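Shown next, in structure tokens, is the structure this report addresses.
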């Protein structure tokens, strides 16, 4: 059984959980308490890799770390190459490049939100910040989505990642309605719907460090 190790919150582990749920892979969701005692005191030292970090995946003798790498390992292991924009046989498809571009754009978007939310004036100026900094990127993504159901036409891992980015934005901008139909579409995927209804981790990284963010 695959073991996914991460903090007891959503963060960089959540879209990986969604991927495993979508693929209906049996896995252990190994959760670490925020005090870090078990991770830093024991497991990090004993993780059989030169690059111990959270999240990690243990699959038999294989240990994979880093949130961008783990999905690639899982997708290739189960031969679902279409989930990273490739053809179903793993051969090259131009969508693979767009997939990588979107992944970087979304990571930058989330990083920018975190950086802005740490500034005390953010709470009072967040609508202005959204219009001047975030909305430009969202408009580009909206253009990419167009009339398609998913960002590359068919569902890929980047859709699951974008879903989690949007959920984080909802914490800070609950009144701004963006990609509402898209969010519902992801949430209505049967495997994802069941996960949300039964065992979804409800704690966002921003919730766990409220003293550091302004919203």
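Structural descriptor for the chain: relative contact order 24 percent, calculated from alpha carbon pairs under 8 angstrom and at least 6 residues apart.
Tell me, how many Å apart are the Cα centres for segment 138-196 and for segment 60-89? Using only Cα atoms, the two centres lie 21 Å from each other. If you plug the beta carbon distance of residue 61 and residue 8 into 1/(1 + (r/R0)^6) with R0 = 22 Å, you get a FRET efficiency near 0.25. Among 80, 118, the order by Cβ neighbours within 10 angstrom, fewest to most, reads 118, 80. Our summary gives segment 2-84 a relative contact order of 33 percent, counting only alpha carbon pairs under 8 angstrom and 6 or more residues apart. Taking a ≥ b ≥ c as the square roots of the eigenvalues of the alpha carbon gyration tensor, segment 95-188 is prolate, as a/c is not under 1.5 and a/b beats b/c.
Just so you know, all these numbers are worked out from the coordinates, no wet-lab data involved. Not measured: the values here are computed from a predicted model. All Cβ positions, glycine included, derive from the backbone under ideal geometry; neighbour counts span all protein chains shown.
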